[in-house]
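Here is the structure we will look at.
The values are calculated or read from the model by the stated rules, or taken from the named source; none is laboratory data. Nothing here was measured: the structure is a model prediction, and the numbers come from that model. As a convention, Cβ positions derive from the backbone with ideal geometry for all residues, glycine included, and neighbour counts pool all protein chains shown.
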Amino acid sequence: MPRALTLPVWLGALLMVFPLTAYAQETYYLTLYAREDQQLADSRKQYLQMVRSRIEGNKRYPLSARKHGQTGRLQVRFVIQDNGHLEAIELVTSCEHRALNEAALSAVRGAGPLPSLPPETFPEPPALIVELVFALH
């Protein structure tokens, strides 16, 4: 039985914000369509976790930024097309360090192309926002 969620619905797109850090962090936030069954929600979650893992695997902390103690929290927006290609990649929130801004964009660009979107799972290409954190330990 479909559940009614009280989360906001974005017209034709799925918005997801999840942090990617240099240390393990399993928290992510997902806005789902108002009516959907559990199987559909699980399919979306699985695909978006794969996207997260691909971006996380491509994230590189620039050596020059590490040497200078530069840290930052950035947000990158992108759209996944039906064929898995990433488009409209842009910084939503940048930091004062150019190297970190470029590293965040490179992490997202390097994640593509992704597997094709399951048509039953995403009726339209989703727009996603990822948060990447560059922090020294």
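Every residue, every condition in (1) assigned to a helix (DSSP H, G or I); (2) touching a strand residue (DSSP E or B) at 6+ places or on another chain (Cβ under 9 Å), yes or no:
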position: ARG52; (1), (2): yes, yes
position: GLU56; (1), (2): yes, yes
position: TYR61; (1), (2): no, yes
position: VAL76; (1), (2): no, yes
position: GLY84; (1), (2): no, no
position: VAL92; (1), (2): no, yes
position: CYS95; (1), (2): no, yes
Per the list (1) out of contact with any His (no Cβ under 9 Å at 6 or more places or on another chain); (2) assigned to a loop (DSSP other than H, G, I, E, B); (3) at pLDDT below 90; (4) not acidic (Asp, Glu), residue check on ARG44 breaks on (2)
Restricting the first residue to region 89-110 and requiring it to be in contact (Cβ under 8 Å) with a residue 24 or more places away in the chain, which pairs with a second residue that is surrounded by fewer than 18 Cβ atoms within 10 Å (Cβ to Cβ) and assigned to a helix (DSSP H, G or I) meet a Cβ separation below 6 Å and a spacing of at least six or different chains?
ALA99/SER64; ALA107/ASN58; GLY110/ASN58
The condition of being among the hydrophobic types (A, V, I, L, M, F, W, C), surrounded by fewer than 16 Cβ atoms within 10 Å (Cβ to Cβ) and closer than 30 Å to THR121 by Cβ holds, among VAL92, VAL76, only for VAL92
Could you run through region 95-137 and say how many residues are within 16 Å of TYR61 (Cβ to Cβ) and among the small types (Gly, Ala, Ser)?
7
Say whether the condition of being closer than 16 Å to PRO113 by Cα and either basic (Lys, Arg) or modelled with pLDDT of 95 or more (or both) is met by at least one residue in region 61-77.
yes
Restricting to region 111-134, count the residues that are crowded, with 17+ Cβ neighbours inside 10 Å and either assigned to a helix (DSSP H, G or I) or free of Cβ contacts under 8 Å to residues at least 60 places away in the same chain (or both).
2
